[in-house]
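Shown next, in structure tokens, is the structure this report addresses.
The values are calculated or read from the model by the stated rules, or taken from the named source; none is laboratory data. Keep in mind the model is a prediction, meaning the values are calculated, not measured. Methodologically, a virtual Cβ is constructed for each residue, glycine included, from the backbone with ideal geometry; neighbour enumeration extends over all protein chains shown. Surface accessibility is based on the protein's heavy atoms, side chains included, excluding ligands, DNA and RNA. Shrake-Rupley method; radii C 1.70, N 1.55, O 1.52, S 1.80 Å.
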Amino acid sequence: MQAIVPRGRWEKLRHVVSRIPVKYLYLFFLLMAVVISLHSSLVAHDENGWTRYNNFLIFKSSWKHLIAYKDLYLLYPAEYYDLYKYSPSFALWMGLFAWMPDVPALISWNVMNVVFFIWAMQVVPVLKERKPPMMLFLAIEMMIALTSSQINVMIGGALVLAWHFMENKKVWAATLLVVITIYIKIFGIVALSLFLLYPERWKAAAYTVLWTLLIGLMPLLVVSWDQMLFLYKSWGRLLGNDYSVSYGVSVMGWWHTWFNMPINKQAFVLSAAAIFTLPFIRFRYYREPSFRLQILCSILLWVVIFNHKGESPTYILAMMGVAIWYFSQPLKPINTILVVLTLVFTSFSSTDLITPYWIARTYIEPFAVKAVFCSVVWLKIILESLLFPPLMREVKIY
């Protein structure tokens, strides 16, 4: 980075950014949620004639389909394109937004996502002067995620908060948040591994079972037992079929498109899971807060870069992992180089404010470019966690 910007100017810029009051950035992100929501509603249709907030329509309509005893997992082309792929319980929760007209519902939805993000940023253990550049580092991915009107921002915030609650021995809250993410997107199950790092692991296991049962049964508030079982079976079939048809913007997609490599998904994911679990053999370092933070960063990255349905808006989770990893430890040239490359090829490459749209559609998305440097950072996190004593002794949890 110093080779791109003269050292004096770079230090001055970093000093200026670090002095931005964090509360102004919180307001900036909330304003971003409102403006993007309004823009999505005003620019009514995309090139295919669908609304810009189609994902939110899928979520919102799921409530109506749930209480009407319809199969949530069918196509409803008169209402939206694509399929609903989340749990029956998530459809129930969408009743909180379904009663509102689209525009205020969409604004409330995106603001809710940002509130979780802000809450997570408040508890992330980095120096006060590093909070502003860390949040600005995530601004582009936040914009991408909000424009898609998905729920990835909330999931990222919930996983960080789960870590925070475990650090403060609020096991019930941590397990609740993780189970909620699982009932939204199944990849949240990876975050259960976080509980292994704490003495309260058995208590966490008990709470996880409790929340899983309670949340799983919540649709009974509006549907019969038979209908609920039918919906869960239908969801399972959808997930099974969905798994076989896509590599996504992931490491699998990257290797498949770059090297024309045939991919056995099961073997690939199992291999990635084995690498992910390697740091867990360092039992003696479970007591180190910085080690546990490393594992959180690894989780945030893993659930995206090895997700067969990974797409550009999910990378807010991966970039949160990159940001927390980088800004929570002493700044090192190799880490700075990796973070700059990740920012350029993951975030800058995905917005037509910086990268022309045709380049993104022709090269960035089909060749899974977003996954490349996120994968490199993830591997470095795994290495640092395995070699924890020599590489992490200077890391402080502030």
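Quick notes
- For R284: the one exception among (1) open to solvent by less than 50 Å² (accessible area, probe 1.4 Å); (2) farther than 20 Å from M135 by Cβ; (3) assigned to a helix (DSSP H, G or I): (1)
- Selection of segment 105-129 for residues being out of contact with any Ser or Thr (no Cβ under 7 Å at 6 or more places or on another chain), farther than 14 Å from L30 by Cα and not hydrophobic (A, V, I, L, M, F, W, C) yields Q122, K128.
- Matching residues, segment 196-241, being among the β-branched types (V, I, T) and more than 13 Å from L66 (Cα to Cα): T208, V209, T212, I215
- Matching residues in segment 11-50 - criterion: being modelled with pLDDT under 85, among the small types (G, A, S) and farther than 30 Å from R130 by Cα: S41, A44, G49
- The residue pairs whose first member lies in segment 311-332 and is touching a residue at least 40 places away in the same chain (Cβ under 8 Å), whose second member is open to solvent by 10 Å² or more (accessible area, probe 1.4 Å) and among the charged types (D, E, K, R), and whose beta carbons are closer than 7 Å, counting only pairs six or more residues apart or on different chains, are S312/E365; F327/R130; P330/E394.
One line per residue, one yes/no per condition, for (1) modelled with pLDDT under 85; (2) open to solvent by less than 30 Å² (accessible area, probe 1.4 Å); (3) of a type in the set (S, T, N, Q); (4) on the phi > 0 side of the Ramachandran plot:
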position	(1), (2), (3), (4)
K309	yes, no, no, no
S312	yes, yes, yes, no
L317	no, yes, no, no
M320	no, yes, no, no
L331	yes, no, no, no
T342	no, yes, yes, no
D352	yes, no, no, no
K380	no, no, no, no
S385	no, yes, yes, no
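- Segment 179-219, residues that are within 21 Å of the chain's Cα centre (by Cα), small (G, A, S) and open to solvent by 10 Å² or more (accessible area, probe 1.4 Å): S193
- Output for segment 127-147, where each listed residue is over 13 Å from the mean Cα position of the chain (by Cα), open to solvent by 10 Å² or more (accessible area, probe 1.4 Å) and not charged (D, E, K, R): L127, P133, L136, F137, A139, I140, M143, T147
- Hey, L176 more than 13 Å from the chain's Cα centre (by Cα), more than 30 Å from A205 (Cα to Cα) and open to solvent by 10 Å² or more (accessible area, probe 1.4 Å) or not: no
- The one condition in (1) open to solvent by 10 Å² or more (accessible area, probe 1.4 Å); (2) at pLDDT 95 or above that G236 fails to fulfil: (2)
- Here L96 clears all of (1) open to solvent by less than 30 Å² (accessible area, probe 1.4 Å); (2) closer than 26 Å to A68 by Cβ; (3) over 13 Å from the mean Cα position of the chain (by Cα) except the condition numbered (1).
- Flag for Y86 being open to solvent by less than 20 Å² (accessible area, probe 1.4 Å), in contact with a helix residue (DSSP H, G or I) (Cβ under 7 Å, 6 or more places away or on another chain) and not aliphatic (A, V, I, L, M): no
- Candidates L270, L231 - the one that is modelled with pLDDT of 90 or more and not basic (K, R): L231
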